[in-house]
């Protein structure tokens, strides 16, 4: 049932990523009139999934560039990949995006409000050693030994976690890091935050991000039918409730007067709105908003925020060991010369499962990534080192993978998460100094990291508006 006319708002949302689509679905259901403007030709934002069939080299490279990525390496050369149409039937995610919390994720909590859900593949996490791999990461004995310390941190009150917000993982390791517990804190804190430098990672934020695991799901998940299934489902909900989504529509400017947002400008047209919600990168807000309206402290905060980076690898294989399909594996490489000295990565075989539906029948797409800073993600020397580490760890799992390789693409991403959830990044709240202008996405202060942070920011927005 729609709200009465007095309460109904005409709302513009800039960006059709997970935050914008979630906000659009929830606000539409509450009776607001929602219009989403997306500059790209497809849904998904920085968690987009690109169809390989009929993709051209020029459009692929342009899409990567538009989303703070570039193709660092390719085997065979990328021109050969396109000449031979090797990408036909594949869907390539823009960066690596697992869903923390699996079937009990925040995503399905949102979709349950529409009597809907996404089927999610789930996996425990294994660990790749120097020459072998173990699965799962923790044995029953390990769990018994470390459980008291893990529970003490995971079940801590919000008051306690607030105190831990400014405590680095380095300090936590000094207190709790004995035996396997040390390795857990070293590996999982990095993989959760996509930051290698343990001095930057907040203990409080890291353990908040783990709260979904109480509910009994496995740590990581990937949607059946790929990431695009999420975006398409949310878009259908928005349209069902009367909302509109305009693709290929760049918002050029926010219309602000007397410190109040009045609407937006797109090429050749102006629109008036009661509320404007931006899910663009926070660091880019002033490319569409006149910064003279904003206090100096707010401008400085946004301009100082840093994101996270990674080198990803998509390995397409003609064959894949059945005992690996559906599993994920972490690895930790010591003394590799990156920020934080050590680097964590993951090799994911959930995406190789037939039900992931992101590769042609009889072929397997393995997704992987290794963490780096945004600056390192632009440095070819660092990237070459990281590429070799990705290949090395896949070879430990599949010694003969090269014989079955169809292609390997290595996109480098320097805004995997828009803002790193670290001690030195003070994430802003969803409301801005401009009346009726809100910001959402993985760069604001909301529960979780990356995908979950973006989604939860949209839920916070709806509560705030109501």
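Out of all the residues in region 1-16, is one or more within 30 Å of residue 360 (Cβ to Cβ), crowded, with 19+ Cβ neighbours inside 10 Å and either touching a strand residue (DSSP E or B) at 6+ places or on another chain (Cβ under 9 Å) or outside the structural domain of residue 272 (by TED's automatic domain parsing) (or both)? Yes, some residue in region 1-16 is within 30 Å of residue 360 (Cβ to Cβ), crowded, with 19+ Cβ neighbours inside 10 Å and either touching a strand residue (DSSP E or B) at 6+ places or on another chain (Cβ under 9 Å) or outside the structural domain of residue 272 (by TED's automatic domain parsing) (or both). For residue 262, indicate whether it is without any contact (Cβ under 8 Å) to a residue 12 or more places away in the chain and assigned to a strand (DSSP E or B). So residue 262 passes the test. Among the numbered conditions (1) free of Cβ contacts under 8 Å to residues at least 24 places away in the same chain; (2) over 30 Å from residue 324 (Cβ atoms), the only one that residue 403 does not meet is (2).
Here's the yes/no breakdown for (1) in contact (Cβ under 8 Å) with a residue 12 or more places away in the chain; (2) crowded, with 22+ Cβ neighbours inside 10 Å:
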{"residue": "187", "(1), (2)": "yes, no"}
{"residue": "200", "(1), (2)": "yes, no"}
{"residue": "206", "(1), (2)": "yes, yes"}
{"residue": "269", "(1), (2)": "no, no"}
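Determine, yes or no, whether residue 178 is at pLDDT 65 or above and part of a loop (DSSP other than H, G, I, E, B). Answer is yes for this residue.
Would you point out the residue of region 66-81, among those that are out of contact with any strand residue (DSSP E or B) (no Cβ under 7 Å at 6 or more places or on another chain) and either in the same structural domain as residue 364 (by TED's automatic domain parsing) or closer than 17 Å to residue 313 by Cα (or both), that is surrounded by the fewest Cβ atoms within 10 Å (Cβ to Cβ)? Residue satisfying both the conditions and the ranking: 77. The condition (being on the phi > 0 side of the Ramachandran plot and in the same structural domain as residue 398 (by TED's automatic domain parsing)) is satisfied by just one residue among 342, 335: 335. Regarding residue 214, is this residue under 23 Å from residue 346 (Cα atoms) and either at pLDDT 95 or above or surrounded by fewer than 20 Cβ atoms within 10 Å (Cβ to Cβ) (or both)? For residue 214, the condition - under 23 Å from residue 346 (Cα atoms) and either at pLDDT 95 or above or surrounded by fewer than 20 Cβ atoms within 10 Å (Cβ to Cβ) (or both) - is met.
For region 440-466, a tally of residues being in contact (Cβ under 8 Å) with a residue 40 or more places away in the chain and surrounded by fewer than 24 Cβ atoms within 10 Å (Cβ to Cβ) returns 7. The residues of region 350-377 that are in a helix (DSSP H, G or I) and either closer than 25 Å to residue 68 by Cα or in contact with a helix residue (DSSP H, G or I) (Cβ under 6 Å, 6 or more places away or on another chain) (or both), listed by number, are 351, 376, 377. From the list 20, 45, the lone residue that is surrounded by 18 or more Cβ atoms within 10 Å (Cβ to Cβ) and in contact with a strand residue (DSSP E or B) (Cβ under 7 Å, 6 or more places away or on another chain) is 20. Screening the candidates 318, 395 for the property of being over 20 Å from residue 78 (Cβ atoms) and in contact with a helix residue (DSSP H, G or I) (Cβ under 7 Å, 6 or more places away or on another chain) yields one hit, 395.
The values are calculated or read from the model by the stated rules, or taken from the named source; none is laboratory data. Being a predicted model, the structure only gives us computed values, none of them experimental. All Cβ positions, glycine included, derive from the backbone under ideal geometry; neighbour counts span all protein chains shown.
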